[in-house]
1. Across 10 Å bins from 0, what is the distribution of all Cα-Cα pair distances for the range B:155-196, in whole percents?
2. Of B:F371, B:F148, B:F287, how do they rank once you tally other Cβ atoms within 10 Å and put the fewest first?
3. What is the mean number of Cβ atoms from other protein chains located within 10 Å of the Cβ atom of each residue in peptide B:338-346, rounded to a whole number?
4. Which whole number gives the average count of other chain Cβ atoms within 10 Å of the Cβ atoms across peptide A:47-60?
5. What do the square roots of 5 times the Cα gyration tensor eigenvalues come to for the range B:188-268, in whole Å, largest first, as semi-axes of the equivalent ellipsoid?
6. Any number yet on Rg/Rh for the range B:106-255, C-alpha, Kirkwood?
7. Using only Cα atoms, locate the centre of the range A:177-217 and the centre of the range A:270-326, then give the distance between them in Å, rounded to an integer.
8. Grab the other residues whose beta carbon is less than 12 angstrom from that of A:Y335, score K and R as +1, D and E as -1, and report the net.
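Coordinate-derived values only; no laboratory data. Nothing here was measured: the structure is a model prediction, and the numbers come from that model. Here Cβ is always computed from backbone atoms with ideal geometry, including for glycine, and neighbour counts include all displayed protein chains.
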Amino acid sequence: MNAVVMNEVRKGFYVDSVALMRISRSIGRLKQVDEASLMMGTPANREIMADAGLLADEGAAAGGGDLVIAVRAENSAAAKEALSTAIEQLQSPSQKFASGEEWTPRTLRSAVSAFPSANVALISVPGEFAAAEARKAIRLGLHAMIFSDNVSIAEEIQLKREAQSLGLLVMGPDCGTAIISGTPLAFANCVSRGPVGIVGASGTGIQEVSCQIERMGGGILHAIGVGGRDLKSEVGGTTTLMAIDALASDPDIESIVVISKPPGDDVAKKVIERLGIAGKPAVVCFLGSAALPLPANVLQAYTLKDAAAAAVGKGFEQSERPGLPTRSGGIAGLYSGGTLCAEAQVILRDAGLPINSNAPIAKVAKGREGSYVLLDLGDDEFTRGRPHPMIDPGVREAFLIEALGRDDIGVVLADVVIGQGAHSDPALPLADIVRAHGRRSGPIVISAVTGTEQDSQVLSDQESKLCKAGIVVASSNADAARWALAVAGRG
Amino acid sequence: MTGDPIESLLRGPPKVINVGLAGFSRDLSEQGVESVHVDWSPPAQGDPIVAALLSKLDGSSKERIDAANSRALDQMLSSEPVLIDVIPASEAIPALEPRRILHAGPPLEWERMCGPMRGAIQGISVFEGWEANLSDAQKSAEQGLFSFYPNHHFDAVGPMTGITTLSQPVMVVENRKFGNRAYCAINEGLGKVLRFGGNDDEVLNRLRWIRDEFGPALGRALRNLGGLSLKGLVARGLSMGDEMHQRNAACSSLALRELAAALAETSSDSQALTRAFAFMAGNDQFFLNIAMAMGKSIADSARAIEGSSIVTAMSRNGTDFGIQVSGTGDSWFIAPVEMPEGLFFPGFTEEDANPDMGDSAIVETVGLGGFAMGAAPAVAGFVGAGAASDAGNYTLRMKDITAGGNPEWKIPSMDYIGVPTGIDIRAVVETAIAPTINTGIAHRRAGIGQVGAGIARAPLKCFSQALVDLARRLEAK
């Protein structure tokens, strides 16, 4: 072996052995360098270097307080180069400080210890794990907002009971929307602060009502999501009742809105009773439900828009309708928001139309076919393995193209939901498809945007994109459905 | 939280812990909402059976386990370890007899032992006079003429090969709070040593000197001193850059300072005293074996608490990694040991490394070593590209899997947080965060010695097995 061994000794130069090993490793990796070692020149270290074939005379003469830089390289130029690189590294201490890997907690428990003033856990892990995380959150003293779905009803009941005994809220599972003190959580809109408090079993329901309130000049302080099953008899409205009590005792809340699918009779009765006890003006909107007996301070609204109007003390008025052409044929509704689909069903059903829906409300037939069909495209049957249409409107594309080509359809209804969590520009793909596939004498497309000017997608920008594509834009989902009736000659 | 929790939630902007979709976290920070994102992954690495077991334990036995763990932690934290004496192993452990050999790690037979372990056994049998030479020793071992037991079965621990036999002197640490004792042989220094499988004359002569001269001298000094209290010493060491596993420079110095006068006072032979001082002063790791006996005396105080999921021993024998858990008594939960990752001395590479070995992980069991990495930033450099500024992250990570912090052992540079103590197997299984163990790396062949140092991770399988057994025992009650 004609390798060159070269040593350099720094007298009285102490460097920590770990630092030296790190430099040794980087020098050892240089081209044409066989091996390198930086060690303090203690007898034991000199022996190690000798055994490794790295010790030259200079190094052999070093003392324990001296630093030995030893290299073995293919030629003397490489050895010299390695020595000088080592010295360079020794003399330029690292500039890096605290810029290492940032620490993030891996468990709720350590997150709480890092952020002890936290008061709510927003849980969006896969459903099979969500209940366990929520249980941990509750036991750590946190309210839980469970965005995840696929949590069993048994687990939901257990969680809500345990939370209730601790005075904590379980919002969800399958709770997409909440606003706490004006702060939107998960899928929610930036609405002005105001004296309205909402309790909602449905995310898009809360979104539409809060955005309608905004349009009417009102504002929201809290919107408490409770999850789609809270008002089922088995769950008994645990979270809804707790939320009503909280809004009742909050001095900044002047009126309360409760939004849900029609609850079990027993639960509906309890909710209405509790609103009666609360004493503040209140409105219940159980989409699709028949008229219910009510105490004096409680109104019943049949659409989300009317619920918003009641909450801000306005009457149930219909907005002025623009001049619309008429079309023979049916109505196809293609919704990304499930509750928006339900609201449209209420309006079409009450107009006496024979509608079908994959997610039918009371007295509506279940089905995906027919001339009057309203589809909830966010339903599991369409979203298995792909994102919800509010996140990725692509799910709607094929349905839209098909409907625009049908001769037996006069109106296509398509919602647009914006706000935090939603697609960054959902009006654009809708406008593009209508531009590409709309026909002069084909179906009229009517849409309404659920959103506000403060949302990052900007309500008016979205509306103008739709208008430019020839889409008729209503100012509420309910109006869009009513206008559809007018176009179809049923209004 | 004061008053009604719902009222206090609605009083101001929410303070959110986000578990799941990272997008929600970004939305929150864009709005200026205070939030912390949890880097969540499925519990038990997505193993549905273990996850179901975890959640079942969480439902049915949580209070019981928590209460048992809090007792285990209290006992560990209230321990009062004192180094009181050095005595022959035969006196400390009466069960020792000729040809009976204690070793590191869980039980192991000769056939499955790694090179250094075999080398150390050959060496010790010559040292004890059982065999004339190393090759006779090997033959006897192959013929089954020795019996092997883990140190842990006899209140003892030993670093690396961890060989303990009857005539070796052992240091005695007494836990004065609970009266239990733990034993560990004296650290031989660096270079060629028995604990790395070294077995030539140099190694055996040093052991003889320790047996005949140094051990008794240290014992006299400790008796004269009335014992060396360890808790405060370790606290000072933590503030001086030691983590008590890879780095014992401060504590070794502090111990020498505490012992110097007593060593001098009890010695009438100035040559022997000089040798004793030189030996201690020349070994930065002198304190490691003291820290280990201390760790053992502390961890044993938490043994056999029904229902407790706190680890009482982690140990490796170069072939297997084993743990013991308070609520499952003396059962071992074993998985193949992993290779340590680290930096190597000149002339050596990963290929020379022996798998992880030694009882020394007892220091991690009580919150030191890898768990106290934040106290010893220099040591963090041993793992891959780890920067010194990352040291604290190792300690923070271990908080995720421990029952509490030690209020007496604090890390000044981390705003005086207490070292994370009391490894909870539930948390290890749930988070899949393996305990980090700082370790020396031995050559895979006997007799060569230490070739590097680095970090080893406890195999997760040990912890899930232990959890299954704990659940079974809880159910049987």
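1. 27, 48, 21, 4
2. Result, fewest neighbours first: B:F148, B:F287, B:F371.
3. The shielding value for this peptide is 5.
4. 2
5. After diagonalising the Cα gyration tensor, the semi-axes are 24, 20, 8 Å.
6. Details: Rg = 16.8 Å, Rh = 16.9 Å.
A ratio of 0.99.
7. Rounded to whole Å, the Cα centres lie 16 Å apart.
8. Charge balance in the 12 Å sphere: -4.
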